[in-house]
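Reading through the structure tokens given below for one structure.
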Amino acid sequence: MSTYGVLGLLFLIAIFGFFFGRIKALSSADGDIKKLHSLPQFYGLNAVFLAFFPPLLVLVIWTFAQSIFVDERIKRELSPWILAEQKNINLVISEVDRLSDGLKVSVELGSLTYQQISAKTVGLGGIENILNASGVFLTDDIQAPILAAARLKFYMETLGNSFRNWLVIIGSIIGLVWALTQAKLNFRARPRVEQMILVLLAAAATLAIFTSVGIVLSMLFEALRFFGMHPWTDFFFGSTWAPSFSAGSELSILPLLWGTLYISFVALLVAVPIGLYAAIYLSEYASRPVRAFAKPLLEVLAGIPTIVYGLFALTTFGPFLRKFFGDGGFLGVEWMSDSRSVITAGVVMGMMLIPFVSSLSDDIINAVPQSLRDGSYGLGATQSETVRNVILPAALPGIIGAILLAASRAIGETMIVVLGAGAVAKFAGNPLEALTTITTRIVSQLTGDLEFDSAETLVAFALGLTLFTITLGLNVLALYIVRRYREQYE
Amino acid sequence: MKDQLNSDREASLSNGMPKITAENVNVYYEEVHALKDVSVKIEQNAVTAFIGPSGCGKSTFLRCLNRMNDTIDICKITGRILLENEDIYDAKVDPVQLRAKVGMVFQKPNPFPKSVYDNIAYGPRIHGLASDKSELDDIVEQSLRRAAIWDEVKDRLDAPGTGLSGGQQQRVCIARAIATSPDVLLMDEPCSALDPIATAQVEELIDELRQNFCVVIVTHSMQQAARVSHRTAFFHLGSLVEFGDTEKIFTNPEDPRTESYITGRIG
Amino acid sequence: MTDTTPTNSLFKTSDRTKSRNAAEKRFRVYGIIAIFIGLFMLLVLASTIVLRGTSAFQQTFITLDVELLESKLDKKGNRNIDDIKKVSTFGYNPILVNAVRGSLEKNGIETSLKKKELSGIISKSAPSQLREYVLADVSRIGQTIEFRFLANGWIDGYLKGRYTRESVANSKFASAEQFDLIDELIKVGVVEKKFNLDFILGADASDQRPEASGIGVAVVGSFYMMLVVLLLSLPLGVAASVYLEEFAKKNLFTDLIEITISNLAAVPSIVFGILGLAVFINYVNLPQSTPLVGGLVLTLMTLPTIIISTRASLKSVPPSIRDAALGIGASKMQMVFHHVLPLAAPGIFTGTIIGMAQALGESAPLLLIGMIGYIATNMPANISEGLLAPNSAMPAQIYEWAKRADPAFVERAWGGIIILLIFLLTMNTLAVVLRRKFERRW
């Protein structure tokens, strides 16, 4: 029986449990709903919960655990052969997967029997024809170790699955029976059901923690593997980023960090003054119609997907800059050799961040109490003096928090720099030159044909972990500052 | 003591020319007619109190006197308010300059989140009243002394103003207002956020300030009006009902509405 | 202290006040300039999108009478489908050349162009279009049928002003003579620029045939991803919010959850891509490039947003309602599910739609789970294929086009952006309408 089949059966048992639990509770009260402790559907729901969720949990955990266990086992089985023959482990594994899937399909179609496979009566020559007949086409000639591994995999999976299915179904039936024996007059079904719902709700809330832990662990493990292959001193303190797929890659984060910070700095240079002045104008000067018109329009800038900004940088803004600074441009200088540059990506990223800075600052400026403004106006200060001398100093912590959040955005931004920043990893100061960033390199190291055993691929996880740490630090700091600031005026 | 105060009142009343003259002032907030045809003469070297139930327009009128209502978009004002024969709503008048001459103290103490010194020095700095640091130091000290808080804060001028107690904060705010040496000092319920002891301190201060400034105070406390003011104006539903000597208003009001308010029947 | 000399008159603005007022004006102007720069950038962006993208919805077509020659397609003449299948797309080229020649003759146009240049004005997808047509019904061989072919990308580029005779002077793909011929054909109405529905509904094509590529399959990919996001993030988000807002006691654990959620909301999206790659693809072995994995990753990314907005709308339900429900003896669970949730529902849906709009436009995580570099050519046939067969998604498709060398793809990328933005605009408008219509002020 397939996984879906088991799931379907679980559903059926649950539905049956719902109605039968209901009926049984009602009949225990002689059909008088008033005699029951809880409404009849709670007895039904009790059966659903007991017969469905625990077996479902078993099903999910078993399935994951089994796939991991089987994969490890197959790898262990094949590793001497792979080492001896200098094979690519990923290719071999995917071939084994395909072959064992083929065996499964053939058995389902009846062109092979389980006995034939386990008794190894089908040899290398025969298997291909049988599989072809079942509509499974294999690319290369199968080799004996692969067939053996596929057999092993098929065998383990079939055995494991049937164990699992029995376990799940028997568990479900036990749950059902238990619930049905409980479905009596005085059983407090509602509190029980509500308790179980609460557990489900809490489980959903915990997902956030699992996600975070997943993020950290998934990157940490791979990053540790990377540091096992590549000296960490080079990663953190080296000076060159030069991955080469032969030996001798130099993989230092520093040039990437330089590019990231440089571009983020340019972005903030654009976004902070514009965003801050816009926020001040909107909250202190603008009449209501102007505010109602300009604020949502500015915020549209934040709702535009980053791919749009990336494309704008690559195909519109970059070429526009080149018309001025490039070869044969209006200014007659040759400062820009590529449309992609620090300025291209930085300015466009700044555009995206304007509403981010402005709406956060707007909130924060509005949180400054009116009494402070009144106090200043009452002394004869002009509005700008009030803003500069009273409001901004009062709002400063909050604004710094907003800028930190914007900086974290800029550092983690991907699409704009992937399209607009370029791929040159060096410590260059010319803002019209292309530079690369951490996120760009993560994308380039993790796309295309991947080999998860090379330092050049795994370095992406170390980069990701560093990026995560930096942005997390900035966020925590910013949220802390902003919260402190808000408490001050509440 | 009572005689002393009475003779003071006589002196102030005989002073002659009014400091502020309001003629037919109307205030509208969009559809709401908040202040109806108010005319009043406020004298120099006296304390004038505006009393009335909440929402009667007394604070609105006070804010008209230094054009604080300008900061509210929807507020519209008609009529004339003269400060020494100059219409403060004249197009030539810059409200910024006006407010340096007509200072204001607010309901809630609102020290800026800066040091005590910077709070006081703020006004003189923006108006350019001091030519060097020592002159500024002088102004700060004088203002704090006149607000009767110098002794309490002289050792912590660099400490943030927000760290003081409520009464101290309010006196710092008063010091801040007089640091620009205004002619008129407007006070919008200056004691409503203070405890009785702090209130007594501030009331005492008001009486002293009267000697140098024309003080106008809005209060919802009739006792306070009776204690500190020489002249009292009673506002009701946006109209000025009665204006006259404090003693007369409280003992022998002309208008039945004033009497009802004083005796606690409306309010 | 008080100085009442006339020099202190209110009517005379002092020099200091004048300079202060000037500073005030300058400051105000800075603010206006900042707003204008912001709005100007929006305008530039919007006009760029419209100017560069709208042309993608039009395509150059060539209408030709094609004689499906038996001598080329079915040499044996017995209409055996297996024999006809043996004729590759390459074998259809001569038929196309004949069709072009025929059209020229009919319209009295003379040309010195060779075979290869003649067939070069038609898209490289034309032969397979013909072949499919023939294989669908072999009895069509021998007939003469009117076809509308896509013009080659270079010709399309000429009509759209992307190429001129000068700019193709050294090109091996197009020539000035071809453009001359096209000018003639436009005059007689054989070549024309028309609305191209296939761009919206069609599939991506290889980088040799920009004129044939469309975004339809990617739209379907995005749709399946959003389906996953909706089905997972709405129940999970609501469950988590209900727990945190209504049931959770204030303790270290719930604090931890709160902090985690607010931080997850600010984690760079690419990190979620790394998570997806490491966990869903490498660890759990879900198939790469599929909407299912994309949807899972985007769900994790969107959940914090949805939880935050759901909690806000739960919070806005006044305590009096809760008290009323509890007061008549409802359990806490009944209070939440019967009273609070229905009242908070409009806010929850609004938040969910906005979260999904964000997810729809997100591209970075999709790059890492393999939704680029992949040419999405087939419409998924059913739901399971829609979820589990490799596909692209709108932003990934746009990125893919942006990377390709031929500028014809840049036009399509901008066109794709228009479609993406139409979806986002619709979703956001829906959210605003929902909010306006159902928002309650307590």
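The values are calculated or read from the model by the stated rules, or taken from the named source; none is laboratory data. Model, not experiment: these values are computed from the prediction. When we count neighbours, we look across all protein chains shown, and the Cβ atoms used for this are built from the backbone with ideal geometry, even at glycine.
Assorted remarks:
- Complete set of residues in region B:61-81 that are surrounded by fewer than 18 Cβ atoms within 10 Å (Cβ to Cβ), within 14 Å of chain C (Cβ to nearest Cβ), touching a residue at least 24 places away in the same chain (Cβ under 8 Å) and not in a strand (DSSP E or B): B:ASP70
- C:LEU292 meets all of the listed conditions (1) outside any helix (DSSP H, G or I); (2) in contact with a helix residue (DSSP H, G or I) (Cβ under 6 Å, 6 or more places away or on another chain) but one, namely (1).
- Residue pairs meeting the criteria (Cβ under 7 Å; at least 6 apart or on separate chains; first in a helix (DSSP H, G or I), in region C:154-171; second acidic (Asp, Glu)): C:ASP156/C:GLU211
- Just one of the numbered conditions (1) within 14 Å of chain C (Cβ to nearest Cβ); (2) touching a strand residue (DSSP E or B) at 6+ places or on another chain (Cβ under 9 Å) is not true of A:PHE452: (2).
- Applying a threshold of 6 Å to beta carbon distances and a minimum spacing of six or more residues, or different chains, the list of pairs starting in region A:288-307 at a residue that is more than 9 Å from chain C (Cβ to nearest Cβ) and ending at one that is part of a helix (DSSP H, G or I) and of a type outside the set (Gly, Ala, Ser) reads A:ARG291/A:LEU282; A:LYS295/A:LEU282; A:GLU299/A:PRO355; A:ALA302/A:PRO355; A:ALA302/A:PHE356.
- Filter result for C:ILE418 (within 24 Å of C:MET356 (Cβ to Cβ) and more than 9 Å from every other protein chain (Cβ to nearest Cβ)): yes
- Selected residue (only one of C:ALA381, C:ALA405, C:ALA376 is without any contact (Cβ under 8 Å) to a residue 60 or more places away in the chain, assigned to a loop (DSSP other than H, G, I, E, B) and more than 12 Å from every other protein chain (Cβ to nearest Cβ)): C:ALA381
- Of residues in region A:391-400 being more than 7 Å from every other protein chain (Cβ to nearest Cβ) and among the small types (Gly, Ala, Ser), the one nearest to B:THR71 (Cα to Cα): A:ALA395
To keep it simple, each residue is scored yes or no on (1) within 14 Å of chain A (Cβ to nearest Cβ); (2) more than 21 Å from A:GLU385 (Cα to Cα); (3) assigned to a strand (DSSP E or B); (4) without any contact (Cβ under 8 Å) to a residue 12 or more places away in the chain.
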site: B:ASP90; (1), (2), (3), (4): no, yes, no, yes
site: B:GLY103; (1), (2), (3), (4): yes, no, yes, no
site: B:GLN107; (1), (2), (3), (4): yes, yes, no, no
site: B:ILE120; (1), (2), (3), (4): yes, no, no, no
site: B:ILE126; (1), (2), (3), (4): yes, no, no, yes
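- Among the residues of this structure, A:ALA47 does not count as one that is over 38 Å from the mean Cα position of the chain (by Cα) and outside any loop (DSSP other than H, G, I, E, B).
- Within region B:49-60, tally of residues that are buried (at least 24 other Cβ atoms within 10 Å of the Cβ) and under 11 Å from the mean Cα position of the chain (by Cα): 2
- Residue ranges of helices (runs of 4 or more DSSP H) in region C:1-118 with at least 3 members at the interface with another protein chain (Cβ under 9 Å from one of its Cβ atoms) and touching a Leu at 6+ places or on another chain (Cβ under 7 Å): C:15-53
- Residue match in region C:362-370 (condition: among the polar types (S, T, N, Q) and away from every other protein chain (no Cβ under 13 Å)): no
- Here B:GLU84 fits the description: surrounded by fewer than 22 Cβ atoms within 10 Å (Cβ to Cβ) and under 23 Å from B:ARG63 (Cβ atoms).
- Region B:189-200 residues that are at positive phi, paired with ones that are of a type in the set (Ser, Thr, Tyr) and crowded, with 19+ Cβ neighbours inside 10 Å (beta carbon under 9 Å, 6 or more apart): B:GLU189/B:SER59; B:GLU189/B:THR219
- When B:LEU144 is tested against (1) without any contact (Cβ under 8 Å) to a residue 60 or more places away in the chain; (2) of a type in the set (A, V, I, L, M, F, W, C); (3) at the interface with another protein chain (Cβ under 8 Å from one of its Cβ atoms), just one condition goes unmet, and that condition is (3).
- Residues of region C:253-268 that are more than 7 Å from chain A (Cβ to nearest Cβ) and either within 26 Å of the chain's Cα centre (by Cα) or farther than 18 Å from A:ARG483 by Cβ (or both): C:PHE253, C:ALA265.
- When residues in region A:25-42 are screened for being outside any loop (DSSP other than H, G, I, E, B) and in contact with a Phe, Trp or Tyr (Cβ under 7 Å, 6 or more places away or on another chain), 1 of them pass.
- Within region A:366-390, if we keep just the residues that are hydrophobic (A, V, I, L, M, F, W, C) and within 42 Å of the chain's Cα centre (by Cα), the residue that is farthest from the other protein chains (Cβ to nearest Cβ) turns out to be A:ALA367.
- Enumerated strands (runs of 3 or more DSSP E) restricted to region B:195-267, each holding at least 2 residues that are surrounded by fewer than 23 Cβ atoms within 10 Å (Cβ to Cβ) and at pLDDT below 90: none
- Some residue of region A:191-208 being part of a loop (DSSP other than H, G, I, E, B), over 28 Å from the mean Cα position of the chain (by Cα) and farther than 18 Å from C:ILE274 by Cβ: no
- Just so you know, in region A:1-53 the residues that are out of contact with any helix residue (DSSP H, G or I) (no Cβ under 7 Å at 6 or more places or on another chain) and of a type in the set (Val, Ile, Thr) include one that is farthest from A:ASN161 (Cα to Cα), and it is A:ILE23.
- Criterion applied to A:VAL58, A:VAL92 was being of a type in the set (Val, Ile, Thr) and modelled with pLDDT under 85, and the one residue passing it is A:VAL92.
- Selected residue (criterion: farthest from A:LEU207 (Cα to Cα)) from residues of region C:207-237 that are assigned to a loop (DSSP other than H, G, I, E, B) and within 18 Å of the chain's Cα centre (by Cα): C:SER213
- Of the residues A:SER283, A:SER287, A:SER239, A:SER264, the single one that is of a type in the set (Gly, Ala, Ser) and farther than 30 Å from C:MET41 by Cβ is A:SER239.
- Qualifying residue in region C:336-352 (condition: free of Cβ contacts under 8 Å to residues at least 40 places away in the same chain, surrounded by 15 or more Cβ atoms within 10 Å (Cβ to Cβ) and among the hydroxyl-bearing types (Ser, Thr, Tyr)): no
- Every test in (1) under 27 Å from the mean Cα position of the chain (by Cα); (2) more than 12 Å from chain A (Cβ to nearest Cβ); (3) over 30 Å from A:LEU458 (Cα atoms) is passed by C:VAL293 save one, and that test is (3).
- Set C:ASP204, C:ASP183: member being surrounded by 21 or more Cβ atoms within 10 Å (Cβ to Cβ) and away from chain A (no Cβ under 14 Å): C:ASP204
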